[in-house]
Amino acid sequence: MILFNEVSKVFGTGKKEVRALDNVSFAVQSGEIFGLLGPNGAGKTTSLRLLSTLLKPTNGRISVAGLDTVKESPKVRERIGFLSSDMNLSGSLSAQELFHFFGALNHIEEREIVNRSNRLIDQLKMEDFFQRKVETYSTGMKQKTLIGIALLHDPDIIIFDEPTNGLDIITGRVVLDILKSLKQRGKTLIISTHIMSIAEKLCDRVGIIHKGEIRVIGTLQEIYTQTGQPDLEEAFFSVIGGVIEDEGHPHRSKKRA
Amino acid sequence: MKDILTVLKKELRNVLKDRRTLFMLFGVPVIMFILIFNVMGEVMKTQEKKLEETVYKVYTNDVSFVESAFLNGPTKIECVEGTPDAIENDLRDKRYDLAVLVKGQIERGSDLFLDDMEINVYSFSGSMASERIASVFSFAVNTLRDQQLRLLLSDAQLDAGLLDKPRINTINVATEQEQTGAVFGGLLPYMLVIYLFTASFSVGFDTTAGEKERQTLTILLANRVARSSIAWGKILYLMLMNVLSATISVVAFLFGFSSIIPQTGSMFTMFTPGSAALLFLIVLSLAVLIAAIITVIGIFARSVKEATSYALPIYVVTILFGILGMQPEVFDSQGFIRFIPLVNGVFTMKDLVTQPRIDFVTVAITLVINLVAAALLAFLATKMFNDERYVFRTKN
């Protein structure tokens, strides 16, 4: 189980202080697909970075299967596979070499790395470019490679930040199929997206985050009931008040009542 | 340790595929040094030959005196027309190489200088030919004067050998190898420090600030590997590249150097296995220290450009000490200087190459100081790798 307990995250100090998350609490059950929805700058990426131990909360506590993300960060990272929209790959190496590198870092035996790589090549349809240098890859190829790396150590918890961002419809479908197969295998998934149809198709529960706060949370049906809207897109706009924040600029730190 | 080696291997695999960086690190110094020294050697030879064959143009108001001065030497001259007022401009314009204005005259018949004779020799140091002929002329006039004095002494029935007294015998106890070693010993630390830094700049900032800039670091940080292992993997990688680059540079430097100073090769008889091993240890400690410095700067900086601007002052100061190190005994290498990390290595290396006796205390202090400084910086680097304020500090 993943637990966010009154988590706040503040970047900078003084006049430059930005409160990206404000006293956020929610839980994600094992085997569940949880969707984090919100406009740009709402706090989605910060939440996922905190969960993946890349960032430390200013206040509050996050636990993954009972492990504290600050005090036991390496153990937490063993259990998670993380993909973020701002990740990139080293250009001189091939996906094959990167799989071997990250496999070795995860202490997976050489033969097992090959077996898992072969499975991922099939699932992600990577055979055409697997041995080519990353610098020759398209956005979709890079995204598939990043997903492969995130899944190589067979983590229980998968955290994907905007997994279909910038992908064409074919690659987007491959990614969605992967997410579905992970769900079938009982993995816990947390995905952030601003594509409502993806959330509607995949997620067991959804949380809408806005200005660093979770505004509504629940199953799709619960969200519709709480907001009185017929679908997720309408529910989303009713929660955020129809106003989208400037891209990538979380609100200034003024604690709301 | 296994994770550190995995990170190191990945970095090496990465750089081995980057032919351009490899060429800059290992190919350029080889080509540069061998080419520079060979070109220098050829230019020097050609220049010397040209100076020997040159017919120097001399303007003088006493042609017979000037011609008599050069009569017995191999240097060929041609007297040309001129005026005393235009000497400075004519020399600068290279209309002639030397001007000699004689006041008073040689006593004709006896070839003796008169007491009040004065010779003004004008040359232009911006011209090699002018400098050469001025020095040859001075030597020739002095020889002429000595000959005359010997005749005078002889006529007065005095011993001409008086001119040679007191006999001054200057004996340099340094062997040919040691003399070459003094030149080489001044240059070696300078060259090494330059190349340890150069290698670090290109690969070190690429693997730290460059990874931040390209956003390739996040995927590594999100992995289970300890941040300290990432930091140490990168430091070891940098250290290895530094040592390789420095070694190749020194070998290339030696090849080039020996092409203009043939005694360079025999200079190695100065080295015992012990002193060579100590020299290598000092280079190693400097490589580790520079790798740690560059890693800390690289993690702190938001971009490669910013990292380079932070590192340049340290580089310049160290090079400055490297240049000072070329001068004999500017600093006492056994004094306070041996407690300054990085700089102490420059002077200890110089001592190891130029001094016949090894000062083990200074070598030990240098090693300990540099390794302790490197360990502290490496510790700082691992702390910075664990701190989101630095690893996610980018311009984006």
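Which residue is least open to solvent (accessible area, probe 1.4 Å), if the candidates are limited to the range B:164-190 and must be of a type in the set (A, V, I, L, M) and modelled with pLDDT under 80? If you could, list the steps in order and put the result at the bottom.
Just the residues of the range B:164-190 that are of a type in the set (A, V, I, L, M), to begin with: B:168, B:171, B:173-174, B:182-183, B:187-188.
If we keep only those that are modelled with pLDDT under 80 as well, we get B:173-174, B:182-183, B:187-188.
Numbers: B:173: 132, B:174: 30, B:182: 55, B:183: 74, B:187: 40, B:188: 6 Å².
Here the residue is B:188.
Conditions (1) in a helix (DSSP H, G or I); (2) among the hydrophobic types (A, V, I, L, M, F, W, C); (3) in contact (Cβ under 8 Å) with a residue 12 or more places away in the chain, marked per residue:
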residue: A:120; (1), (2), (3): yes, yes, yes
residue: A:131; (1), (2), (3): no, no, yes
residue: A:140; (1), (2), (3): yes, no, yes
residue: A:148; (1), (2), (3): yes, no, yes
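What pairs come up if the first residue lies in the range A:197-217 and is part of a loop (DSSP other than H, G, I, E, B), the second is charged (D, E, K, R), and their beta carbons are under 6 Å apart, counting only those six or more places apart or on different chains?
From residues that are part of a loop (DSSP other than H, G, I, E, B), the pairs are A:204/A:32; A:212/A:19; A:212/A:22.
Could you tell me which residue of the range A:76-109 is least open to solvent (accessible area, probe 1.4 Å), considering only residues that are among the charged types (D, E, K, R), within 8 Å of chain B (Cβ to nearest Cβ) and over 17 Å from residue A:47 (Cα atoms)? First the steps, then the outcome.
Step one: filter the range A:76-109 for residues among the charged types (D, E, K, R), giving A:77-79, A:86, A:97, A:109.
In the following step, the residues that additionally are within 8 Å of chain B (Cβ to nearest Cβ) were identified as A:77-78, A:86, A:97.
Keeping just the survivors that are over 17 Å from residue A:47 (Cα atoms) gives A:78, A:97.
On the way: A:78: 96, A:97: 31 Å².
The extreme case among them is A:97.
Can you spot a residue in the range A:131-143 that is under 20 Å from residue A:74 (Cα atoms), at pLDDT below 90 and within 12 Å of chain B (Cβ to nearest Cβ)? Lay out the reasoning, then the answer.
At the first step, the residues of the range A:131-143 found to be under 20 Å from residue A:74 (Cα atoms) are none.
Taking every residue of the range A:131-143 in turn, none turns out to be under 20 Å from residue A:74 (Cα atoms), at pLDDT below 90 and within 12 Å of chain B (Cβ to nearest Cβ).
Within the range B:212-225, how many residues turn out to be touching a residue at least 24 places away in the same chain (Cβ under 8 Å), over 16 Å from residue B:10 (Cα atoms) and either facing another protein chain (nearest Cβ under 7 Å) or among the aromatic types (Phe, Trp, Tyr) (or both)?
So the count comes out to 1.
Could you give every pair whose Cβ atoms fall below 9 Å, whose first residue belongs to the range B:354-378 and is assigned by TED's automatic domain parsing to the domain that holds residue B:188, and whose second residue is of a type in the set (Asp, Glu) and modelled with pLDDT under 90, counting only separations of at least 6 or pairs across chains?
B:354/B:178; B:356/B:178; B:358/B:351; B:359/B:351; B:362/B:351; B:363/B:351
Say we look at the range B:384-395 and pick out the residues that are touching a helix residue (DSSP H, G or I) at 6+ places or on another chain (Cβ under 9 Å) and in a helix (DSSP H, G or I); which of these is most open to solvent (accessible area, probe 1.4 Å)?
Among residues in the range B:384-395 that are touching a helix residue (DSSP H, G or I) at 6+ places or on another chain (Cβ under 9 Å) and in a helix (DSSP H, G or I), the one most open to solvent (accessible area, probe 1.4 Å) is B:390.
Can you pull out every residue in the range B:135-167 that is touching a Ser or Thr at 6+ places or on another chain (Cβ under 6 Å) and more than 13 Å from residue B:72 (Cβ to Cβ)?
Filtering the range B:135-167 down to residues touching a Ser or Thr at 6+ places or on another chain (Cβ under 6 Å) leaves B:136, B:160.
Residue satisfying the conditions is B:160 alone.
What is the residue count in the range B:297-310 for residues that are surrounded by fewer than 22 Cβ atoms within 10 Å (Cβ to Cβ) and touching a residue at least 40 places away in the same chain (Cβ under 8 Å)? Lay out the reasoning, then the answer.
Residues of the range B:297-310 that are surrounded by fewer than 22 Cβ atoms within 10 Å (Cβ to Cβ), as a first pass: B:300, B:302-306, B:308-310.
Subsequent filtering for residues that are touching a residue at least 40 places away in the same chain (Cβ under 8 Å) retains B:300, B:302-304, B:306, B:308.
The qualifying residues number 6.
Could you say whether any residue in the range A:55-62 is open to solvent by 30 Å² or more (accessible area, probe 1.4 Å), assigned to a loop (DSSP other than H, G, I, E, B) and touching a strand residue (DSSP E or B) at 6+ places or on another chain (Cβ under 9 Å)? Write out each step before concluding.
The first filter runs over the range A:55-62 and keeps only residues open to solvent by 30 Å² or more (accessible area, probe 1.4 Å), leaving A:56, A:58-61.
Next, only the ones that are assigned to a loop (DSSP other than H, G, I, E, B) stay: A:56, A:58.
Now drop any that are not touching a strand residue (DSSP E or B) at 6+ places or on another chain (Cβ under 9 Å), which leaves A:56, A:58.
Checking the range A:55-62: at least one residue is open to solvent by 30 Å² or more (accessible area, probe 1.4 Å), assigned to a loop (DSSP other than H, G, I, E, B) and touching a strand residue (DSSP E or B) at 6+ places or on another chain (Cβ under 9 Å).
Okay, residues lined up against (1) within 30 Å of residue A:232 (Cβ to Cβ); (2) within 14 Å of the chain's Cα centre (by Cα):
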site	(1), (2)
A:17	no, no
A:21	yes, no
A:30	yes, no
A:43	yes, yes
A:63	yes, no
A:75	no, no
A:83	yes, yes
A:92	no, no
A:101	no, no
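Checking residue A:127 against (1) within 22 Å of the chain's Cα centre (by Cα); (2) more than 11 Å from chain B (Cβ to nearest Cβ); (3) open to solvent by 20 Å² or more (accessible area, probe 1.4 Å), which test does it fail?
Result: residue A:127 fails condition (1) only.
What are the residues in the range B:335-362 that are in contact with a Phe, Trp or Tyr (Cβ under 9 Å, 6 or more places away or on another chain) and either surrounded by fewer than 17 Cβ atoms within 10 Å (Cβ to Cβ) or not in a helix (DSSP H, G or I) (or both), if any?
B:340, B:342
Is at least one residue of the range B:143-159 at pLDDT 80 or above, in contact with a helix residue (DSSP H, G or I) (Cβ under 8 Å, 6 or more places away or on another chain), more than 30 Å from residue B:60 (Cα to Cα) and open to solvent by 60 Å² or more (accessible area, probe 1.4 Å)?
Yes: one or more hits.
For the range B:1-52, what are the residues that are among the aliphatic types (A, V, I, L, M), within 14 Å of another protein chain (Cβ to nearest Cβ) and without any contact (Cβ under 8 Å) to a residue 40 or more places away in the chain?
Step one: filter the range B:1-52 for residues among the aliphatic types (A, V, I, L, M), giving B:1, B:4-5, B:7-8, B:12, B:15-16, B:22, B:24-25, B:28, B:30-32, B:34-36, B:39-40, B:43-44, B:51.
Okay, now just the ones that are also within 14 Å of another protein chain (Cβ to nearest Cβ), so B:1, B:4-5, B:7-8, B:12, B:15-16, B:22.
Result: B:1, B:16, B:22.
This table checks each residue for (1) assigned to a loop (DSSP other than H, G, I, E, B); (2) away from every other protein chain (no Cβ under 11 Å); (3) open to solvent by less than 10 Å² (accessible area, probe 1.4 Å).
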site: A:6; (1), (2), (3): no, yes, no
site: A:25; (1), (2), (3): no, yes, no
site: A:35; (1), (2), (3): no, yes, yes
site: A:50; (1), (2), (3): no, no, yes
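When you scan the range A:161-181, do you find a residue that is crowded, with 18+ Cβ neighbours inside 10 Å and part of a strand (DSSP E or B), even just one?
yes
The values are calculated or read from the model by the stated rules, or taken from the named source; none is laboratory data. These numbers come from a predicted model, not from an experiment. With ideal geometry, Cβ positions are generated from the backbone for all residues, glycine too; neighbour counts draw on all protein chains shown. Each accessible area value is taken on the protein alone, full model and side chains, heavy atoms only, with ligands, DNA and RNA left out. Shrake-Rupley method; radii C 1.70, N 1.55, O 1.52, S 1.80 Å.
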